[in-house]
Amino acid sequence: MIKKIPVIDLKQHQAVSGKSGMRDTYQPLRTVFAPSANPVEIAQGLKLNGADEMYIADLDLIESEGHNVSDIKMVNTILPVMFDGGVKNCESFEFFLDYAYKIIIPTETLESIDEMEKIFEKYPKERIVVSIDVKDNELFSKNLDLTLDEFKKILKRLDPNEIIILDITGVGTEKGYNKELLNKFEDMKDKLIIAGGLNKESLGELDSQGIKKVLIGTSLHSGEVNLLD
């Protein structure tokens with residue numbers, strides 16, 4: 001059975017929801033797992049319903065508009081957190097290790113491939129997750145001038161345990177997964193975590209293709225998709 005890793009985005013100490021990465025339009029999250037958008041309450045509700053880890057993105061940190069690291073640390077005592085705080089370099093990766101179990105290296109904010117290589121040299125792979133951020137079928141990054149194929153060659157060499165493929169265009173839309181993108185990384189599928197716009201139908205298709213893990217937010221919090229079936 002495919003493993004569903006619950007997702008929340010944090011902004012100003014509460015969970016928020018939105019579509020297609022348009023972060024300035026995000027609203028407080030309504031979820032079946034808690035009566036409020038408080039991240040600790042949501043984590044408790046998820047744990048009671050069978051979750052054993054969760055993904056949190058700190059939108060304030062990623063946008064350099066503050067942070068929610070105290071909330072992350074509290075949630076990490078309830079459920080192990082896979083954390084996206086917009087890592088730029090080895091120094092920021094090291095800082096976040098005190099707040100969460102796994103730290104994401106996102107292509108969106110990574111300063112250089114050299115910094116990613118330093119992280120892989122210094123820290124165990126069990127605590128590293130690489131996120132391939134994709135927008136309109138191209139690698140999305142503020143600093144890297146690489147194609148998806150070029151970045152894939154680098155990943156083959158570094159050999160991470162877990163790789164998120166995040167189709168930013170699909171976030172919050174429930175339109176399903178990006179088949180073209182998945183085909184491009186078919187030979188690495190045992191490491192892949194698929195994210196962005198997943199719905200009930202796409203989960204069955206991904207499961208049949210041998211994908212073992214997905215990140216899921218909107219359709220899980222609405223109750224359309226159950227955590228453990």
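The figures follow:
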read-out	value
The range 1-29 residues that are more than 25 Å from ASP229 (Cα to Cα) and of a type outside the set (A, V, I, L, M, F, W, C), paired with ones that are at pLDDT 95 or above and assigned to a loop (DSSP other than H, G, I, E, B) (beta carbon under 6 Å, 6 or more apart)	HIS13/ASN68; GLN14/ALA37; PRO28/ALA37
Restricting the range 47-66 to residues that are surrounded by fewer than 21 Cβ atoms within 10 Å (Cβ to Cβ) and charged (D, E, K, R), the residue that is farthest from LYS4 (Cα to Cα)	GLU65
Residue satisfying all of: in the range 121-146; assigned to a strand (DSSP E or B) and of a type in the set (D, E, K, R); surrounded by the most Cβ atoms within 10 Å (Cβ to Cβ) among these	ASP133
Scan of the range 55-69 for residues that are in a strand (DSSP E or B), in contact with a helix residue (DSSP H, G or I) (Cβ under 8 Å, 6 or more places away or on another chain) and hydrophobic (A, V, I, L, M, F, W, C), ordered by number	ILE56
Answer residue from the range 67-77, given it is within 21 Å of LEU48 (Cα to Cα) and either touching a Lys or Arg at 6+ places or on another chain (Cβ under 6 Å) or not aliphatic (A, V, I, L, M) (or both) and is surrounded by the fewest Cβ atoms within 10 Å (Cβ to Cβ) among those	THR77
Residue count, the range 179-225 (criterion: part of a loop (DSSP other than H, G, I, E, B) and free of Cβ contacts under 8 Å to residues at least 24 places away in the same chain)	3
Residues of the range 78-107 that turn out to be of a type in the set (Asp, Glu) and either crowded, with 23+ Cβ neighbours inside 10 Å or part of a strand (DSSP E or B) (or both), as a count	1
Residue tally, condition touching a Lys or Arg at 6+ places or on another chain (Cβ under 7 Å) and more than 11 Å from LYS3 (Cα to Cα), over the range 210-220	3
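The values are calculated or read from the model by the stated rules, or taken from the named source; none is laboratory data. Here the structure is a predicted model, which is why all the values come from computation and not from measurement. All Cβ positions, glycine included, derive from the backbone under ideal geometry; neighbour counts span all protein chains shown.
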